[in-house]
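Asker: First, the structure itself, so that you have it in front of you.
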Amino acid sequence: MSKKVTWKGYDYTIQAGPDGSWLPRPLIEVVLTSPESSEKVAVMAMVDSGTDGTIFHAQIAETLRIDKTKCKRGKIAGIGSLEGFRANVGILVPDFHAKLEIPVFFAENLPLDGLLGQKHFFQRFKIRFEKDIGRFFLALGQ
């Protein structure tokens, strides 16, 4: 017998888009922690099925006191190209008391605080997007 899935619903958050229009985005609060310090920071991150990994703005790494000179630099590509560095962080999803310890790419020119992508986040959570009703849903995976 399979375990019953408990879904948590969220409203899409309206934000300004690149062309000045208003766009609904699937944002959730996550708390990032650094293994190098006791610093933590809460940010709104977009659940993004079109992103492979997890990406956060480089200023968040500064808040966490991550020494980017000790991190591996790199570039990621997709629609555009972003430069930055990779570091391991903890990501707590408060609504589920779930914590991921994963490598994250900190991008220097990311136009939002964070993207929660396919690798790691989608492997841990079940996700349903129901844009027609302005809601999306998360549940812990098995």
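The values are calculated or read from the model by the stated rules, or taken from the named source; none is laboratory data. Everything quoted here is computed from the prediction, not taken from an experiment. Neighbour counts are summed over all protein chains in view; Cβ atoms, including those assigned to glycine, are modelled from backbone coordinates with ideal geometry.
Asker: Which ones in the range 48-99 are under 19 Å from GLN118 (Cα atoms), out of contact with any strand residue (DSSP E or B) (no Cβ under 6 Å at 6 or more places or on another chain) and not small (Gly, Ala, Ser)?
Answerer: The answer is ASP52, HIS57, ILE79.
Asker: Going through the range 1-47 one residue at a time, which ones are of a type in the set (Ser, Thr, Tyr) and in contact with a strand residue (DSSP E or B) (Cβ under 7 Å, 6 or more places away or on another chain)?
Answerer: Taking the range 1-47 as the starting set, the residues that turn out to be of a type in the set (Ser, Thr, Tyr) are 2, 6, 10, 12-13, 21, 33-34, 37-38.
Those that are of a type in the set (Ser, Thr, Tyr) and in contact with a strand residue (DSSP E or B) (Cβ under 7 Å, 6 or more places away or on another chain): THR6, TYR10, TYR12, THR13, THR33, SER34.
Asker: Among the residues of the range 29-68, write down those that are more than 30 Å from ARG135 (Cα to Cα) and of a type in the set (Ser, Thr, Tyr).
Answerer: SER34, SER37, SER38, THR63
Asker: Can I ask one more? Report yes if ASP48 is charged (D, E, K, R) and within 26 Å of LEU140 (Cα to Cα), otherwise no.
Answerer: Working: charged (D, E, K, R): yes; within 26 Å of LEU140 (Cα to Cα): yes.
When the stated conditions are applied, ASP48 passes them.
Asker: Looking only at the range 32-40, decide whether some residue is surrounded by 17 or more Cβ atoms within 10 Å (Cβ to Cβ), at pLDDT below 95 and not β-branched (Val, Ile, Thr).
Answerer: Within the range 32-40 (the criterion being surrounded by 17 or more Cβ atoms within 10 Å (Cβ to Cβ), at pLDDT below 95 and not β-branched (Val, Ile, Thr)), the answer is yes, since at least one residue qualifies.
Asker: Which residue out of ARG65, ARG73 is free of Cβ contacts under 8 Å to residues at least 60 places away in the same chain, outside any strand (DSSP E or B), loosely packed, with under 13 Cβ neighbours inside 10 Å and among the basic types (Lys, Arg)? If you could, list the steps in order and put the result at the bottom.
Answerer: On the way: ARG73 fails: outside any strand (DSSP E or B).
The conditions single out ARG65.
Asker: Shifting gears a bit: When LEU23 is evaluated against the numbered criteria (1) part of a strand (DSSP E or B); (2) hydrophobic (A, V, I, L, M, F, W, C); (3) surrounded by 15 or more Cβ atoms within 10 Å (Cβ to Cβ), which criterion, by number, is the only one it fails?
Answerer: Unmet condition: (3).
Asker: Considering PHE106, PHE121, which residue is surrounded by 15 or more Cβ atoms within 10 Å (Cβ to Cβ), of a type outside the set (S, T, N, Q) and in a helix (DSSP H, G or I)?
Answerer: On the way: PHE106 fails: in a helix (DSSP H, G or I).
Unique residue meeting the criteria: PHE121.
Asker: With the requirement that a residue be touching a residue at least 24 places away in the same chain (Cβ under 8 Å) and surrounded by fewer than 20 Cβ atoms within 10 Å (Cβ to Cβ), what does the range 86-98 give you?
Answerer: From the range 86-98, those touching a residue at least 24 places away in the same chain (Cβ under 8 Å) are 87-96, 98; that's our starting set.
Across the range 86-98, the qualifying residues are ASN88, GLY90, LEU92, PRO94, ASP95, PHE96, ALA98.
Asker: Out of (1) buried (at least 16 other Cβ atoms within 10 Å of the Cβ); (2) in contact with a Lys or Arg (Cβ under 7 Å, 6 or more places away or on another chain); (3) touching a residue at least 40 places away in the same chain (Cβ under 8 Å), what's the single condition that is false for ASP52?
Answerer: Just one mismatch for ASP52, condition (1).
Rundown of residues vs (1) among the hydrophobic types (A, V, I, L, M, F, W, C); (2) touching a Pro at 6+ places or on another chain (Cβ under 8 Å); (3) modelled with pLDDT of 90 or more; (4) farther than 27 Å from TYR12 by Cβ, yes/no style:
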position	(1), (2), (3), (4)
LEU27	yes, no, yes, no
VAL30	yes, yes, yes, no
ALA45	yes, no, yes, no
THR63	no, no, yes, no
GLY90	no, yes, yes, no
LEU100	yes, no, yes, no
PHE121	yes, no, yes, no
